[in-house]
Amino acid sequence: MEDIKFNIAKDLVFFDIEATGLNVVKDRIVQIALIKFTPSQAEPVELEMLINPGPVLISEEAYNVHGISAEAVANKPVFSQVAQQLYDFIGTADLAGYNSDRFDIPMLMEEFARAGIDFNMDNRSSVDVQKIFYKMEPRTLSAAYRLYCNKTIDNAHDALADVRATVDVLKGQIKRYDGVDMIDGDGFTHPSPIKNNIEELAKFTTNSTMVDATQRFKYNHKGEIVFNFGKYAGKNASEILRNDKQYLNWILDKDFSAQVKQIVRKLAADHKV
């Protein structure tokens, strides 16, 4: 397959994590792999490590997926010991991954927050390769690899094998959908949405109505931030937080993501709650 050079104006980091489970707030990372591409088109740099999840046990369901045991990570560093190295490696790069918007990014943000590092997404583009795939060819990563690369992943659910496959899949998607229109579920045609441009791909894969990675808040048709969960779903968040301080404190005390709590604090400060 013809190799494609990503058209990027800043660093781009593909990454994948394996974890103790699927709860982005309570679970912990046990393996992370990253591949960094630079605008200079130099050879990409890879970084991979196993991480001790501390007191959080690896669930049986997670072990059955990635095969990483407690023994395998017992003598590895905890996240706080490698947080600065990971933060420095990523730098100001845009991010890309497979299902990264819903899982990998929010979990990484939580790990950084626990380590005392503010990992901000405000000035980063995010390309979720799964969203391109699901919109254009709804299937799985292994099927995507077969479809776009005509290959089989030899070591599926190993973080580095998966992130390498994700790199190849995005290259295959850019090549396959060059000039191809998309017809959405409502029958509307979107002219050639897949381009070799990270900002355009990020727009295509990002749900602009959502405020946070865990989708607890969203924008309504007026551009107001509203709750996307619980008894106040669809209600103006600023008004609720101003009138129901008990609910505000409940959110800050419960297992919501660091990003959600940051949004709540900002709304409270902006509106003098």
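The set of residues in the stretch 23-68 being within 19 Å of the chain's Cα centre (by Cα) and part of a loop (DSSP other than H, G, I, E, B) consists of 23, 24, 25, 26, 27, 28, 51.
A single entry from 83, 96 fulfils the requirement of being assigned to a strand (DSSP E or B), at negative phi, among the small types (Gly, Ala, Ser) and surrounded by 15 or more Cβ atoms within 10 Å (Cβ to Cβ): 96. For the stretch 45-53, the criterion of being in contact with a Ser or Thr (Cβ under 6 Å, 6 or more places away or on another chain) and buried (at least 18 other Cβ atoms within 10 Å of the Cβ) is met by at least one residue. When 27, 16, 3 are checked against the criterion of being under 19 Å from residue 164 (Cβ atoms), buried (at least 17 other Cβ atoms within 10 Å of the Cβ), acidic (Asp, Glu) and touching a helix residue (DSSP H, G or I) at 6+ places or on another chain (Cβ under 8 Å), a single residue qualifies: 16. A single entry from 164, 216 fulfils the requirement of being more than 14 Å from the chain's Cα centre (by Cα), closer than 20 Å to residue 34 by Cβ, of a type in the set (D, E, K, R) and surrounded by 15 or more Cβ atoms within 10 Å (Cβ to Cβ): 164.
Within the stretch 219-237, the set of residues being of a type in the set (Ser, Thr, Tyr) and surrounded by fewer than 16 Cβ atoms within 10 Å (Cβ to Cβ) comprises 219 only. Tell me which residues, restricted to the stretch 70-79, are within 21 Å of residue 15 (Cα to Cα) and either β-branched (Val, Ile, Thr) or in a loop (DSSP other than H, G, I, E, B) (or both). 73, 76, 77, 78 - these are the residues of the stretch 70-79 that are within 21 Å of residue 15 (Cα to Cα) and either β-branched (Val, Ile, Thr) or in a loop (DSSP other than H, G, I, E, B) (or both).
Every number here is computed from the coordinates shown, using simple stated rules; none is lab data. Because the structure is predicted, anything quoted here is derived from the model rather than measured. Neighbour counts run over all protein chains shown; Cβ positions are idealised from the backbone, glycine included.
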